[in-house]
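What follows is a short report on a single structure.
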Amino acid sequence: MNKLKKAIISSAVDEIKSINQDTVIKHFCFTSDFSGFAGHFPGHPVLPAFVQILTALVLMEEKKGYPLKPASVQNARFRIPIGPDQNIEVLCIEHLIKEKPGCETKIGVKEGLAASFQIIFYK
């Protein structure tokens, strides 16, 4: 497991919660010293889209119990910048996307929906 994934896992503030067979939620808080903020952007750190996608991947891997290999990300919308020390809620709904395994992800912050996207996985 790489360092960034380990740092994401360490940023979880609670345990995974199953809403139903397909849906899980977990909360995270990335502190100002979180490595994912490095260089993005100096003086005004914002959680990169890549890290948000990787956080959803980490959550789905926890749900499934094994590593997943993303094939593509679709319909990505990043609406609200996420800064250090913000509590975020990551919700993943597992379902088929274009007849392939995948998940729909929504990332929420106090102000509303910060991001939404779909991840398609290799079988």
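The values are calculated or read from the model by the stated rules, or taken from the named source; none is laboratory data. Please read all numbers here as calculations on a predicted model, not as lab measurements. In this analysis, Cβ positions are derived from the backbone assuming ideal geometry, glycine residues included, and neighbour counts consider all displayed protein chains.
Which one is farthest from I119 (Cα to Cα), of the residues in region 54-100 that are of a type in the set (D, E) and in contact with a Cys (Cβ under 9 Å, 6 or more places away or on another chain)? Ranking the qualifying residues of region 54-100, first place goes to D85. Just a yes or no: is a residue in region 55-62 modelled with pLDDT of 95 or more and surrounded by fewer than 11 Cβ atoms within 10 Å (Cβ to Cβ)? Scanning region 55-62, I find no residue that is modelled with pLDDT of 95 or more and surrounded by fewer than 11 Cβ atoms within 10 Å (Cβ to Cβ), so the answer is no.
So, G108, is that one without any contact (Cβ under 8 Å) to a residue 24 or more places away in the chain and exposed (fewer than 14 other Cβ atoms within 10 Å of the Cβ) or not? So G108 fails the test. Taking each residue of region 9-21 that is surrounded by 11 or more Cβ atoms within 10 Å (Cβ to Cβ) and looking for partners that are assigned to a loop (DSSP other than H, G, I, E, B) with beta-carbon atoms closer than 7 Å, six or more apart or interchain, yields S11/F30; S11/F34.
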